[in-house]
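Engineer: Please see the structure below; I have some questions.
The values are calculated or read from the model by the stated rules, or taken from the named source; none is laboratory data. From a predicted model like this one, the values you see are computed outputs, not experimental measurements. With ideal geometry, Cβ positions are generated from the backbone for all residues, glycine too; neighbour counts draw on all protein chains shown. When the accessible area is computed, the model is the full protein with side chains, heavy atoms only, and any ligands, DNA or RNA have been set aside. Shrake-Rupley method; radii C 1.70, N 1.55, O 1.52, S 1.80 Å.
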Amino acid sequence: MSVITPNQFKRGAKIELDGEPYAVVEYLHIKCGRGGANVRTKVKSLRTGAVIERTFKSDEKIKQPDFEEKEMQYLYNDGEKFYFMDNESYEQIEIPTDSVGDNSLFMPENIHVGVQIFNGQPIGIDLPNFVELEVVETDPGLKGDTVSGGSKPATVSTGGTVNVPLFINIGDVLKIDTREQTYMERVRTAR
């Protein structure tokens, strides 16, 4: 059994509360005047999708769920469920859209992901830390336009949106950090 303290929380961290697996959606460290710090969190049930708020003491030990993780290939989705194939047995499984969540915004077809299985049921996925996706929509950047902080929104081929530098154009391929859902670098320019 592994444990984690709230000081180690990051977006997407998996914890177990009352025997149920949860993923950290948001967290905020709060320093009290004299006492220790607290961590206020929003956590999402990996089984039901319900989001609850919980406050933890910063030194509290929290159990991590005992997952079995299998590498699987993402095949397609039909709007209600996502379909994955086990790379060893070629068996297909389906995971409800709620369990996949925001990961779908940066998950191209045929990508290999880690599927978490808890008590025999698939309940969530872990994307690779970085993916390469093509920009399908963005405004043209204007030279010298630094009023907006030198960035603009860009939509990638999977439907996700990230803020990118002004020099990014439609057709460019970007490296995206899936953990923070942020732009890392331009891999290839549009042809």
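Engineer: In deg cm²/dmol, rounded to 500, what helix-only [θ] at 222 nm does the chain give when every DSSP H run of at least 4 residues adds -39500 (n - 2.57) and the total is split over its residues?
Structural biologist: Values: 1 runs with 4 residues, N = 191.
One gets -500 deg cm²/dmol as the mean residue ellipticity at 222 nm.
Engineer: Let me ask something else. With the cut-off at 30 Å, tell me which of the pairs 31/152; 10/152; 31/61; 44/175 have Cα atoms farther apart than that.
Structural biologist: Details: 31/152 34 Å; 10/152 26 Å; 31/61 18 Å; 44/175 27 Å.
Those over the limit are 31/152.
Engineer: Can you pull out the trypsin sites (Lys or Arg not before Pro) in the range 9-114 that DSSP calls coil and that have at most 10 other Cβ atoms within 10 Å?
Structural biologist: In loop regions of the range 9-114 (DSSP not H, G, I, E or B), the sparsely surrounded trypsin sites (Lys or Arg not before Pro) are 10, 34, 61.
Engineer: Apply the a/c threshold of 1.5 to the C-alpha gyration tensor of the chain and tell me whether it is rounded, prolate or oblate. Kindly include the intermediate steps, with their values, before the conclusion.
Structural biologist: Numbers: a/c = 2.65, a/b = 1.24, b/c = 2.13.
It is oblate, given that a/c is not under 1.5 and a/b is not larger than b/c.
Engineer: Quick one: how many Å² of residue 139 are accessible to a 1.4 Å probe, rounded to 10?
Structural biologist: It works out to around 100 Å².
Engineer: How much net charge surrounds residue 3 when only the other residues with a Cβ under 9 Å from the Cβ of residue 3 are counted, with Lys and Arg +1 and Asp and Glu -1?
Structural biologist: On the way: positive: 61, 63; negative: none.
Value of the local net charge: +2.
Engineer: Put 183, 90, 76 in order of accessible area, largest first, 1.4 Å probe: what do you get?
Structural biologist: Working: 183 45, 90 155, 76 100 Å².
These residues rank, largest area first, as 90, 76, 183.
Engineer: Can you give me the Cα centroid spacing of the range 43-115 and the range 159-191 in angstrom?
Structural biologist: About 24 Å separates the Cα centre of the range 43-115 from the one of the range 159-191.
Engineer: Quick check: net charge around residue 188, other residues with Cβ under 15 Å of its Cβ, Lys/Arg +1 and Asp/Glu -1? If you can, show how the numbers build up before the last one.
Structural biologist: Numbers: positive: 175, 186, 191; negative: 132, 134, 172, 185.
Taking every Cβ under 15 Å from that of residue 188, the sum is -1.
Engineer: Summing +1 for each Lys or Arg and -1 for each Asp or Glu, what net charge is found among the other residues whose Cβ lies under 10 Å from the Cβ of residue 88? Kindly include the intermediate steps, with their values, before the conclusion.
Structural biologist: On the way: positive: 70; negative: 71, 86, 91.
Net charge in that neighbourhood comes out at -2.
Engineer: In the chain, carbon and sulfur make up what percent of the accessible area (probe 1.4 Å)?
Structural biologist: Values: 5090 of 11220 Å².
Carbon plus sulfur share of accessible area: 45 percent.
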